[in-house]
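The values are calculated or read from the model by the stated rules, or taken from the named source; none is laboratory data. In this text, all values refer to a predicted model and were calculated from it rather than measured experimentally. Quick reminder, even Gly has a Cβ in these numbers, built from the backbone with ideal geometry, and neighbours come from all protein chains shown.
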């Protein structure tokens, strides 16, 4: 039969002896090359599999600044061929000519602005539109005006600094 449990030497059965037991630690050496290879394969896969979003920006063609001699040879524009658009925060004040013009006011909506630009463009041969954003105007209004100029077929337009008259055009009559 079996001996009583108190008489069994457990350490001796498993081959362990507290007196002769030595703890030997083995250094673990992990090869990292396969993990690095896998990381670069995943990185390459995701770089080639994703599509990057293209930045959405409006393309503006801006002429180079003229030299001192070239500035003198520029052809002046007649007053009768100019249309000025002064961009306020919530409206556009426009006028024809430069000296003592009669100012009018329209909204940023495309309908009235497109109708104005198309009618003036058909009336005046060689029309030049001067877009004058004020400090309180926003970029969305400028983009709306540039889009309307493009749609209406105006060939020549320029962004320019507002004059003293433009700064005083707060209360213009609606046509």
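For the reader, a short list of remarks on this structure follows.
- Residue within segment 117-139 that is within 20 Å of the chain's Cα centre (by Cα) and touching a residue at least 60 places away in the same chain (Cβ under 8 Å) present: no
- Only listed residue being closer than 24 Å to residue 62 by Cβ, modelled with pLDDT of 85 or more and part of a helix (DSSP H, G or I), chosen from 131, 86, 143: 143
- Figure legend. Inter-residue proximity from segment 60-81: first residues at negative phi and part of a loop (DSSP other than H, G, I, E, B), second residues modelled with pLDDT under 75 and surrounded by fewer than 10 Cβ atoms within 10 Å (Cβ to Cβ), beta-carbon distance below 8 Å, spacing 6+ or different chains. Indicated pairs: 66/74.
- For segment 91-121, taking the residues that are in a helix (DSSP H, G or I) and in contact with a helix residue (DSSP H, G or I) (Cβ under 8 Å, 6 or more places away or on another chain), the one that is surrounded by the most Cβ atoms within 10 Å (Cβ to Cβ) is identified as 117.
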